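All of the numbers you see were taken from the coordinates with simple rules; none came from a lab. None of these values were measured; they are calculated from a predicted model. Positions of Cβ are generated from backbone atoms using ideal geometry, with glycine treated the same way; all protein chains shown enter the neighbour counts.
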Amino acid sequence: MGLFEENEPCYIVFKKIFDLVRFIFSGVFFCLLSTLALGQKKDTVVTLSDVLIKGHKETLHTTGLQSYMVDSAALLRFHGNSLADVMRQNNLIFIKSYGLGGLATPAFRGSSAAHTAVLWNGFNLQSPMNGEMDLNLLPPEFVGEAHVQPGSNAAKWGSGSVGGSIHLANPVKFGSGFKAGLAGRAGSFSTYRQSGEVAYGSRKVYLSLKAINHSALNDFTFKNTFERNAPIQRQTNNEVKQQGALAEASFKISRNQIANVKYWFQDNYREVPPTMGQAQSTAFQQDWFHRLMADWQYRSKMVDFTMRSAYFDERIIYDDRQYNLYTFSRAKSSVTEVETELKLNKNHFFTLRLNNTYSEAVSGSYPNQPKIWRAGGFLSYKGIWVKEKLIVNATLREEYVREKWIPLIPYGGVEYKLFSWLSFNGAVSRSYRVPTFNDWFWIPGGNPNLVSETGISQEAGVKIAPVFKEKTAVMVSATVFNSVIDNRILWLPTSFGFYSPINVEKVWARGIELRNNFSTEINKTKILIGINYDAVWATNEKVPKGNENQLGKQLIFVPVHKGAALFSVIYRGFSLSYNHAFTGYRYTTADNLSFLPGFSVGDAEVSYQKKYKDFSAKIFIQANNIWNEAYQVLPARPMPQRHYLAGVAFQFYKPLTIKNNEN
Amino acid sequence: MKIKYLNFVKSAFISVGLAFVFIACDPKEDSPSPVATGSVYVTCEGGFGASNGSVSVYDPKTNKVNIDPFNAKNNRSLGDIVQSLTLINDLAYIVVNNSNKVEIADASTFESKGVIEGVKLPRYLVKGSGNTAYLTEWVSFAGNGRVDVIDLSTNTLTKTIEVGLLPENLLLYGDKLFVSNSGDSTLTIINTATNVVSKTIKVGYSPTSIVKDANDKLWVICGGYKNYTNLSLSKPGALVQIDPTTESVIKTFSFTNAADSPEKLNINGSGNKLYYENGGVYSLEVSASSLPTQPLIARSFYGLGIDPNSETIYAATMGFVSNQKLIRYNASGVVLDSTEVGIGPNGFVFK
């Protein structure tokens, strides 16, 4: 039997070529890796000048969109227990929170979790089953840096990049020396967290291992305004347990070749608490995943070449004794990408990327064991023009899903630097979201005829960033955006007693985002002030028949207004940060007749770090919701009032210094 | 130049700060309309988990609705999944399924008068003799449910009686209490003199509503058994007539399509005409020899009720994220008018 059969449909041939290429490359690649690992010598000299890694900022930045970074400084300002906490406390994104420790999903510009692509070193982490990525399951310890990018760039990031995208990266630190750290935390509601880290970076090898263990009862008290006489109650069935590890290995094969392998495992147990109107809950959920990725990068003057593969295996158990419900779902995905970047000269770049994604799932809810194969790719041009003042980017994507081509997805972005302190950006793009396994295959109700949601969006921004003195910087930026997403999938109740999804809604979102940052240093005291404000109107422009009272109304749970102010001061080893976030009213019914009031939450953290030779010790205390606001982000899901978290961290650090040390 | 920048930055910060002050206001709430003295109560489940169930009150004389008088009066919602309402004297006993409680409110002012707690997934309540009432409880989807005997003077449970899986409706006939077990295919009969189960009779799969006709016969509608992963194992529903005296099935009309979910059985005031919902509203005489093939109203509804006096058909649309429509039809299925009620309206109680 030959590799290719006669009269095979072209997509099968296409897939086979992909599989073959993947097979050959991965074989060669892993052989290479093992040889390298065995033949490694200990290095004594550190030279950082020839490090090939492109700055993540550069690769993740999209011309035409503004992006914000959760960097190591932000991760140190607030020691949150999850990326959801860190992002909320650094004012980066509106988090839809189902309660302390519960599901927390990102939502940009009025879109939902399924409309926010979350990428880990370039691979999309959104579950193929439900399209969601829970930021509460993301330990900040495992995130080297994160970029938050409002705005659609589906041409580059693929399905799901509708409202925006979040990019998580684990930067490789060749030559960083030896580091070992241990940290422990304890907080209100029986919260305990331990984490550890060992890393070693020589000139040619970087190895790192991180692990966390977290548990919390989250049994906070709240006033139950849904019950007669509004009694004070203690939250029940809200325990969280989390264990995880992240291992990284990177090898500099030669001056222009690097290979990386990263493996991430996590086991999350989480009880589902009752809402304020429910007397009790017996539900819990267990999320368990393996994520493995490997890449090989080749850089030269003219051509950059990257080959990457990932394998994800996720299992979800949902159990509710009261409703006699037990579902076990497992999805396995394998992704392979090849990317070539051609550098015509220092101002013109062409990128071609091909992607092959295969997902399959086993679940009692989809008994037919569905398999989805997606092949796609994009071609992108980036050019620097007009005395390096103008940057343009054009990308065109095509993807083949379930024997159908999605519409062509273009992206065009532009940045123009008028003066050193004044620049403009703009982008026009098409976006799409492929339905999830649940949408297509759920029994009962799943609709195999669903098509991808598609949309169009435009945005324009201005950024003023004058530098006064070396140590003082001001950044003021404003972005206006407009987007329409059509064929939005909505699950509707049927007369058969179950829900079924259809492509029916059209949502129009538009708004403004303001970012103001001011930082300075006076007498060794670093001060940072950040003020943000977002307004988004996301309205239903097409609704299912019989639901005309929802037409033109704001989407539920999407606040029109939100704003936040961050203040941080660092003096020697002391650091003090305060963040005050305001979230406006959110409608709770699609006809906008009921709403939840706006709320303000203030969080503060003080920390002190002391260094002694190769050792450093740090202590922090965090007070959350210090003004004791009683609020709900989502209806009937209480949030905790004032609560605390404190921790200590010890680190041993031995740089590789012998000579030429640039640290 | 520098001064200019600073001024700009300063004004930017100030304007953003001021903006916060202005935008921090919540939208104005509509002032609650006065409690209607009308006569039709609409039980509106609300969205599952959203705890926004309500009882809307409709006044047929003025065609006006008070969407959620309980919330307006007591400043809190009824809870999660308002399943049913029973009027006893001047009190409304509102069964809130997912909140594990029965709220008691004044039937005209909706002032909260008490709560019956300690029940698990309650469904329907019916008045017994004297100061007692009976309440069905699902308890759990995994095992048998039960019927509670409630002392209305203290609002406490005096006895629990184990019945079948997912007990739903109750109908009191003399000293016999008929209970439909929607999780299996049986009716449980309880002797109310002793409050013990006297007999269990087999009907169709998933019996729900029970009504009594003019000839003192009972009718129960059965939704059928659904197996979505293997459709060939599904069993269609049935409309079953029962003789309450002999406690036996008189006749069974079987539905043909296993995908159908016939439910919401109602009877008119004269007790000679049955109505049910099955993707449309169907009706038949109690003397009919077969099920109707054509719907009286070719539109699917979630809530269905028949005004016992005027025979006006009350039908409510299905939806759990916004207020729904109550559409009224005359007995021959012609639209009379329509108005808005609460979220997820599942039934009607006529005062």
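Just a few scattered comments:
- Pairwise label distance in nanometres, B:Thr158 with A:Phe265, each label 7 Å out on the Cα-Cβ vector: 6.1 nm
- Cross-link reach list, aspartates and glutamates versus A:Lys387, counting only Cα pairs under 17 Å and skipping chain neighbours closer than eight places: A:Glu415
- For segment A:298-310, the Karplus equation 6.51 cos²θ - 1.76 cosθ + 1.60, evaluated at θ = phi - 60°, returns couplings of 10, 10, 9, 4, 9, 10, 10, 10, 10, 10, 9, 9, 9 Hz by residue, with Gly and Pro reported as x.
- Kirkwood hydrodynamic radius over Cα pairs of segment B:35-178, then Stokes diffusion coefficient at 10 °C and 1.306 mPa s, in µm²/s: 103 µm²/s
- Take each peptide in A:474-485, B:249-260, B:338-349, count the other Cβ atoms within 10 Å of every residue, and average; sorted highest first, the result is B:338-349, A:474-485, B:249-260.
- Within the same chain, aspartates and glutamates fewer than 8 places from A:Lys241 are excluded, and of the rest, those with a Cα less than 19 Å from its Cα are A:Asp85, A:Asp134, A:Glu141, A:Asp219, A:Asp267, A:Glu271, A:Asp287, A:Glu314, A:Asp319, A:Asp320.
- Residue-by-residue Karplus 3J(HN,Hα) for segment A:497-514, coefficients 6.51, -1.76, 1.60, Hz, glycine and proline x: x, 9, 8, 9, x, 9, 7, 9, 8, 10, 10, 10, 10, 8, x, 9, 10, 10
- Relative contact order computed over chain A (Cα-Cα under 8 Å; 6+ residues apart), in percent: 11 percent
- Scaled radius of gyration (Cα, divided by 2.2 N^0.38 Å) that the protein assembly as shown gives: 1.04
- A:Ser72 paired with A:Ala473, simple spin-label distance in nm, labels 7 Å along Cα-to-beta-carbon: 1.6 nm
- Only Cα pairs under 8 Å and 6+ residues apart enter the sum, and on that basis the relative contact order of chain B stands at 11 percent.
- Residue-averaged beta-carbon neighbours from other chains (10 angstrom radius) around A:581-592: 4
- Amide H within-cut-off set for B:Gly114, under 5 Å, with H built and near neighbours excluded: B:Ile104
- Principal-axis analysis of the Cα atoms of chain B puts helix B:2-23 at an angle of about 30° to the longest axis.
- Taking A:Ser97, A:Ser152 and counting other C-beta atoms within 10 Å, the order from fewest to most: A:Ser97, A:Ser152
- Listed peptides A:371-380, A:406-415, A:614-623 by packing density, highest first (mean Cβ within 10 Å): A:406-415, A:371-380, A:614-623
- Remark: mean inter-chain Cβ contacts per residue of A:225-233 equal 4, using a 10 Å Cβ-Cβ cutoff to other protein chain atoms.
- Working from Cα pairs under 8 Å separated by at least six residues, relative contact order for segment A:556-598 is 40 percent.
- Kirkwood Rh (inverse of mean 1/r, distinct Cα pairs), chain B, angstrom: 21.7 Å
- Here segment B:95-168 is treated as a Stokes sphere of Kirkwood radius computed over C-alpha pairs; at 4 °C and 1.567 mPa s its diffusion coefficient rounds to 104 µm²/s.
- Per-pair calculated FRET efficiency, R0 = 41 Å: A:Ala180 and A:Phe350 via Cβ, rounded to 0.05: 0.40
- Rg followed by Dmax, in Å, when segment A:373-454 is reduced to its Cα trace: 18.5, 60
- For segment A:301-361, a simple Cβ point-charge model (Lys and Arg +1, Asp and Glu -1, everything else neutral) yields a dipole of about 280 debye relative to the Cα centre.
- Less than 5 angstrom separates the built amide H of B:Gly280 from those of B:Phe301, all sequence-distant by 5 or more or on a different chain.
- The spacing between segment A:590-613 and segment B:261-305, judged by their C-alpha centroids, is 55 Å.
- Ranking of A:Val392, B:Val119 by count of other Cβ atoms within 10 Å, fewest first: A:Val392, B:Val119
- Legend: mean number of C-beta atoms from other chains within 10 angstrom of residue C-beta atoms, peptide A:272-283, equals 6.
- Phi angles across segment B:303-308 convert, under the Karplus curve 6.51 cos²θ - 1.76 cosθ + 1.60 with θ = phi - 60°, into 3J(HN,Hα) values of x, 9, x, 10, 5, x Hz, Gly and Pro given as x.
- Panel order for A:Thr105, B:Thr158, by other beta carbons found within 10 Å of each beta carbon, from fewest to most: B:Thr158, A:Thr105.
- 29 Å Cα-Cα threshold exceeded, pairs from A:Lys463/A:Lys562; B:Lys64/B:Lys264; B:Lys120/B:Lys264; A:Lys210/A:Lys371: A:Lys210/A:Lys371
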